[in-house]
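Student: Have a look at this one.
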Amino acid sequence: MTRRSGRPLVPAYLSTGGVARPSRDCLERLSVLSGTGEAAPAGLPAAQYALLDALCGGSLTVVEAAALLELPVSAIRVLATELTDRGLLRDRPPVPPADLPDPDLLKRVADGLRALKHDLHP
């Protein structure tokens, strides 16, 4: 089997070493993942190493990591949970909607910035 891009299609359970569910159900699709800076131990499975490598320069949500690594969200949840259990990865829940800025306020700020830009560059 191959994808349209020509790459072989690998079943997701192979990337997780046959594990179908994470050890704990704590990661949401928008949970933020970041590396701890600890060195990856020898013998780390390739998919876990790829996830750590993707997080080397910053943070990604579970969905972003899945898209980047071309793996299902469920596989990223398994990999991230295992890495968190090993102390190689940190996760935090997504920002609750109540803590997000008011969309009307953001629109007014954007409109004000556009007006300033227009005033500076007529």
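Student: In segment 75-110, what residues are charged (D, E, K, R), at pLDDT 90 or above and loosely packed, with under 10 Cβ neighbours inside 10 Å? Reasoning before the result, please.
Tutor: Keep residues of segment 75-110 that are charged (D, E, K, R), which gives 77, 82, 85-86, 90-92, 99, 102, 104, 107-108.
From what is left, the residues that are at pLDDT 90 or above are 77, 82, 85-86, 90-92, 104, 107-108.
Scanning segment 75-110 gives a single hit, ASP104.
Student: Which condition breaks for CYS26 when tested against (1) at pLDDT 90 or above; (2) loosely packed, with under 14 Cβ neighbours inside 10 Å?
Tutor: Every listed condition holds for CYS26 apart from (1).
Student: Still on this model: Restricting segment 32-48 to residues that are under 13 Å from the mean Cα position of the chain (by Cα) and of a type in the set (A, V, I, L, M, F, W, C), which is surrounded by the most Cβ atoms within 10 Å (Cβ to Cβ)?
Tutor: Looking at the filtered set, the residue picked out is LEU33.
Student: Let me ask something additional. So is VAL109 without any contact (Cβ under 8 Å) to a residue 40 or more places away in the chain, touching a Lys or Arg at 6+ places or on another chain (Cβ under 7 Å) and either assigned to a loop (DSSP other than H, G, I, E, B) or aliphatic (A, V, I, L, M) (or both) or not?
Tutor: No, not satisfied.
Student: Could you tell me which of the residues PRO93, PRO72 is under 11 Å from SER31 (Cβ atoms), over 11 Å from the mean Cα position of the chain (by Cα) and in contact (Cβ under 8 Å) with a residue 12 or more places away in the chain?
Tutor: PRO93
Student: What number of residues within segment 32-78 satisfy the criterion of being closer than 15 Å to LEU88 by Cβ, in a helix (DSSP H, G or I), in contact with a helix residue (DSSP H, G or I) (Cβ under 7 Å, 6 or more places away or on another chain) and of a type outside the set (A, V, I, L, M)?
Tutor: Residues flagged as closer than 15 Å to LEU88 by Cβ, in a helix (DSSP H, G or I), in contact with a helix residue (DSSP H, G or I) (Cβ under 7 Å, 6 or more places away or on another chain) and of a type outside the set (A, V, I, L, M) within segment 32-78 amount to 1.
The values are calculated or read from the model by the stated rules, or taken from the named source; none is laboratory data. Worth saying up front: this structure is predicted, and the values here are computed from it rather than measured. Backbone-built Cβ (ideal geometry, glycine too); neighbour counts: all protein chains shown.
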